[in-house]
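Everything below concerns the one structure shown next.
The values are calculated or read from the model by the stated rules, or taken from the named source; none is laboratory data. Predicted, not measured: the structure shown is a model, and the values here were computed from it. Cβ placement follows ideal geometry from the backbone for every residue including glycine, while neighbour counts extend to all protein chains displayed. Quick note on the areas: whole protein, heavy atoms, side chains included, nothing else; ligands and nucleic acids left out. Shrake-Rupley method; radii C 1.70, N 1.55, O 1.52, S 1.80 Å.
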Amino acid sequence: MQAAFPVTQLPPAPPGGSGSASWSLQSWSGVEEMEAVIRRLAMPLQLLQLDGGNLAGGVVAVRIGPLRLLQLRMDRRIHSWGPKPLGELTIGLDLEPSGVRPPMRAHGSCLPESCLFGLDSGREVHLTLPKEVVLGMVVIPIGTLCNWADQLGCGGFDLQGACRRNLLLVDPLRCEGLRAYLRQIFALVASDPGRLEQPSSQRLILEDLLPLLLEALIHGADQVGRLPRPPARIEIVKAAQRWLDDHPQQPITLADLCRQAHASRRSLIQGFRDHLGMGPMAYVKLRRLHGVRRLLLGADPDQVRIGSIAAAWGFLNAGHFARDYRLLFGEMPRDTLRHRTPPSRTAAALPPLIRIPGRPPPAAPGSPGRSG
């Protein structure tokens, strides 16, 4: 894959030689496992499953020196919120746009297929992902990217200014070139991960990927005037969510939530429907079902009663609670309790997230590189 502008000087090779690259493939079954994996990737986010059924998916994680690349798949709608990694630039993009499924939403805005999002490191994550999405992420220290940009002849570009914008519209061809190269890297991890141990492969990935990334950033910074206006009512939704974060088990009515969000009933309902696809009280129920599940996963079946935990979260009708729980998580509460994984051990029970291959597997055809 040939960069559209010539590389006059290569970025410095990642420190550590052949040991500077690492990779992992990891799957999850359930929103709690997904959240544990995401947190181990230095992203302390909270996740909420919005669709019914057992969530499945996985992540491919690649590290080359200070550069981290992530590919996340999930088969249910997910809403995530929380802070971004300090001092790092986090760039998100849709790796497999379909043109059919609903768009991703960031801070209430529908994200175009050809865009980079999440760049503003000072702004929290507020992201809603549709079903069957494949999300790509590039994470890199901001100072490192600026240094590499200077070495690649982009010293006149205000990279810091571009990174203060959370959304950049990108020419479709440039965006497709970037996502296609990222897909090649993730395919390489699945087929022949041993090549990542080779310094020549690491250098080649940096040499080809960084110009593609910088081109997309430069083009996106020129399209600022075309950005959509901030969506209506998103701040109302965020205000209600913040109150629920601080009062997870406190009983509340729709009228109470309107007062806490300083919004009318109509604005609050319409805001939640626009941005999360459900009414505010349905969202409250969803959050509290997740709260019950987390407690059941860490409880001793011989020491707790499911009804007592459910009642503490506001579910007073055992039959209705069990039905709603099964519809959301694909299993009965007693099954969750029987197959519990204590929260303090959830991350430790998962396989190591970053694994450096000891012996490369048999070679497979195809690797990231130039074409044409």
Report, ordered by the first and then the second residue, all pairs with beta carbons closer than 6 Å, sequence separation of six or more or different chains, a first member in the stretch 276-287 that is within 19 Å of His247 (Cα to Cα) and outside any helix (DSSP H, G or I), and a second member that is open to solvent by 30 Å² or more (accessible area, probe 1.4 Å) and among the hydrophobic types (A, V, I, L, M, F, W, C).
Gly279/Ile269
All positions within the stretch 177-225 that are of a type in the set (Gly, Ala, Ser), open to solvent by 50 Å² or more (accessible area, probe 1.4 Å) and within 16 Å of Gln71 (Cα to Cα)
Ala187, Ala190
Matching residues, the stretch 163-215, being more than 23 Å from Glu88 (Cβ to Cβ), touching a helix residue (DSSP H, G or I) at 6+ places or on another chain (Cβ under 8 Å) and not hydrophobic (A, V, I, L, M, F, W, C)
Asp171, Gly177, Arg195, Glu197, Gln198, Pro199, Ser201
Breaking point among (1) out of contact with any Lys or Arg (no Cβ under 9 Å at 6 or more places or on another chain); (2) touching a residue at least 24 places away in the same chain (Cβ under 8 Å); (3) not hydroxyl-bearing (Ser, Thr, Tyr), for Ala216:
(1)
Residue by residue through the stretch 250-290, note down the ones that are open to solvent by 50 Å² or more (accessible area, probe 1.4 Å), touching a helix residue (DSSP H, G or I) at 6+ places or on another chain (Cβ under 8 Å) and among the basic types (Lys, Arg).
Arg265, Lys285
Take Pro141 and decide whether it is closer than 20 Å to Pro85 by Cβ and open to solvent by 10 Å² or more (accessible area, probe 1.4 Å).
yes
Residue satisfying all of: in the stretch 79-119; of a type in the set (Gly, Ala, Ser) and in contact with a Phe, Trp or Tyr (Cβ under 6 Å, 6 or more places away or on another chain); farthest from Gln46 (Cα to Cα) among these
Gly92
Under 7 Å by Cβ, and 6 or more places apart or on different chains, what pairs join a residue from the stretch 144-162 that is at positive phi with one that is among the β-branched types (Val, Ile, Thr) and part of a loop (DSSP other than H, G, I, E, B)?
Gly153/Thr8
Are any residues in the stretch 116-161 within 12 Å of Ile218 (Cα to Cα) and within 21 Å of the chain's Cα centre (by Cα), and if so, which ones?
Leu116
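I want to confirm something. Restricting to the stretch 292-306 and keeping residues that are of a type in the set (D, E, K, R) and under 24 Å from the mean Cα position of the chain (by Cα), which single residue is surrounded by the most Cβ atoms within 10 Å (Cβ to Cβ)?
Arg293
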Test for Arg174: is it open to solvent by 50 Å² or more (accessible area, probe 1.4 Å), touching a Gly at 6+ places or on another chain (Cβ under 8 Å) and in contact (Cβ under 8 Å) with a residue 40 or more places away in the chain:
no
Residue tally, condition assigned to a loop (DSSP other than H, G, I, E, B), crowded, with 18+ Cβ neighbours inside 10 Å and touching a Leu at 6+ places or on another chain (Cβ under 6 Å), over the stretch 52-87:
2
